[in-house]
2 protein chains.
Amino acid sequence: MALVARAFGANGLVLEGICDPGLGATLERVTRCWGGPFHYECGVGGRSYVREWKRRGGQVIHLTMYGLPLHRVIDEIRMDPRPKLVVVGAEKVEGFYYEEADYNVAVGPQPHSEVAALAVFLDRLLPGWWAGVEYEGARMRVVPSPRGKRVEGEC
Amino acid sequence: MALVARAFGANGLVLEGICDPGLGATLERVTRCWGGPFHYECGVGGRSYVREWKRRGGQVIHLTMYGLPLHRVIDEIRMDPRPKLVVVGAEKVEGFYYEEADYNVAVGPQPHSEVAALAVFLDRLLPGWWAGVEYEGARMRVVPSPRGKRVEGEC
């Protein structure tokens with residue numbers, strides 16, 4: 001989830017509940033090698049974070065298969081200038097998030113994957129934009145190629 | 001991966017190597033409740049499957065961060081009428097697949113998730129098309145709603 005957020009242009013990931021040391025280490029390694037910045041915060045109380053985000057003028061979008069179809073709301077969400085917090089639940093999501101979200105958005109009404117939902121949401125939010133992101137301080141860079149693996153730099 | 005393939009309009013999933021009984025059961029439950037059809041095959045030899053796919057006139061697309069940028073090849077892939085086999089590696093992918101694929105495609109040149117790559121690839125292949133797929137024999141259906149969860153039927 002964190003790597004998808006980073007690769008599709010999010011500024012960071014805020015993880016509710018306990019901190020996974022493995023995740024922190026992975027993100028450090030990825031940003032050291034492939035560039036940053038990427039904000040990572042864990043051990044956060046989800047409810048208070050959402051309330052504070054809204055109090056500071058931010059917008060909250062909760063991805064759920066029960067929400068409104070992506071294509072019906074994505075233009076409206078894109079046009080809204082407020083900083084966006086995208087809420088993605090790992091397992092059962094409390095009613096609080098459905099209530100507090102400015103939008104409950106369904107990336108399809110079928111059961112699939114939260115990771116996929118986040119990727120497609122971010123891709124539709126700013127189509128193709130992420131493909132041009134320059135990550136600062138990257139030590140490695142892929143050289144696109146029709147066959148095989150070409151990488152510039154090392155890490 | 002299987003649920004993403006299904007939700008974004010793929011006809012099925014072919015899994016190399018050993019069969020995971022849990023996955024088979026999940027897919028049976030999902031297609032029974034949310035509709036089908038969705039082809040599932042496992043315990044398959046990847047190399048022979050790819051060779052046979054091509055021999056029968058199919059096209060092979062391998063998703064890898066080292067490949068050509070999605071936006072540069074997606075129109076060409078879409079226009080090609082051959083049935084498409086999308087190859088997604090779980091871990092290290094053998095050189096064979098890079099060589100045999102008609103296209104090695106990067107859904108971004110950054111490390112992220114194979115699941116996310118598949119979702120975005122399928123979404124870009126036939127943009128928005130998956131949102132209108134009618135799954136046959138569905139016992140349950142989400143009624144999109146701005147708040148909360150509404151489902152018609154039961155399973």
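Listed values, structure above:
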{"quantity": "Inter-chain Cβ neighbour average for residues B:96-109, partner chain, 10 Å", "calculated": "4"}
{"quantity": "Neighbouring partner chain Cβ atoms per residue of A:139-151, average, 10 Å criterion", "calculated": "6"}
{"quantity": "For segment B:43-121: rounded, prolate or oblate by the Cα gyration tensor [a/c cutoff 1.5]", "calculated": "oblate"}
{"quantity": "Separation in nanometres of the label points that stand 7 Å from Cα toward Cβ, at residue A:145 and residue A:19", "calculated": "3.9"}
{"quantity": "Surface/4 of the Cα convex hull for the protein assembly as shown, nm²", "calculated": "16.3"}
{"quantity": "Rounded to 10°, Cα long-axis angle of helix A:21-34 versus longest principal axis of chain A", "calculated": "50"}
{"quantity": "Estimated [θ] at 222 nm from DSSP helical runs (n ≥ 4, -39500 (n - 2.57)) normalised by residues in the protein assembly as shown, nearest 500", "calculated": "-11000 deg cm²/dmol"}
{"quantity": "Per-pair calculated FRET efficiency, R0 = 22 Å: residue A:92 and residue B:154 via Cβ, rounded to 0.05", "calculated": "0.75"}
{"quantity": "Three-way shape label, segment B:97-155, alpha-carbon gyration tensor, a/c 1.5", "calculated": "prolate"}
{"quantity": "DSSP beta bridges in segment A:2-131 [antiparallel fraction, %, rounded to 5]", "calculated": "0"}
{"quantity": "Gain upon complete extension [residue A:78, residue A:11; 0.36 nm per residue less C-alpha separation]", "calculated": "22.5 nm"}
{"quantity": "Inter-copy label distances at residue A:89 (7 Å, Cα→Cβ; nm, one decimal)", "calculated": "3.6"}
{"quantity": "Spatially near lysine pairs across the protein assembly as shown, Cα under 25 Å, sequence gap of 8 or more or different chains", "calculated": "12"}
{"quantity": "Between 0 and 90°, nearest 10: helix B:114-125 axis offset from chain B longest Cα axis", "calculated": "90"}
{"quantity": "Whole-Å distance, taken between Cα centres, linking segment A:68-123 and segment B:42-76", "calculated": "31"}
{"quantity": "Neighbour cut-off at most 10 other Cβ (10 Å), DSSP loop, trypsin sites (Lys or Arg not before Pro), segment B:58-155", "calculated": "B:92"}
{"quantity": "FRET E, pair residue B:44, residue B:99, Förster distance 30 Å, beta-carbon r, rounded to 0.05", "calculated": "0.95"}
{"quantity": "Average Cα contact separation per residue, chain A, under 8 Å, 6 or more apart, as relative contact order %", "calculated": "29"}
{"quantity": "Low-density loop positions, GluC sites (Glu not before Pro), segment A:49-92 - DSSP coil, at most 12 other Cβ in 10 Å", "calculated": "A:91"}
{"quantity": "Global geometry of chain B, whether rounded, prolate or oblate, following the gyration tensor of its Cα atoms and the 1.5 cut on a/c", "calculated": "prolate"}
{"quantity": "Helix B:46-55 vs. chain B, principal-axis angle (Cα, 0 to 90°, nearest 10)", "calculated": "80"}
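Every number in this text was worked out from the coordinates using simple rules, so none of it is lab data. A quick note: this is a predicted structure, and the numbers were derived from the prediction, not measured. So basically every Cβ, Gly included, is an ideal-geometry build from the backbone, and we count neighbours across all protein chains shown.
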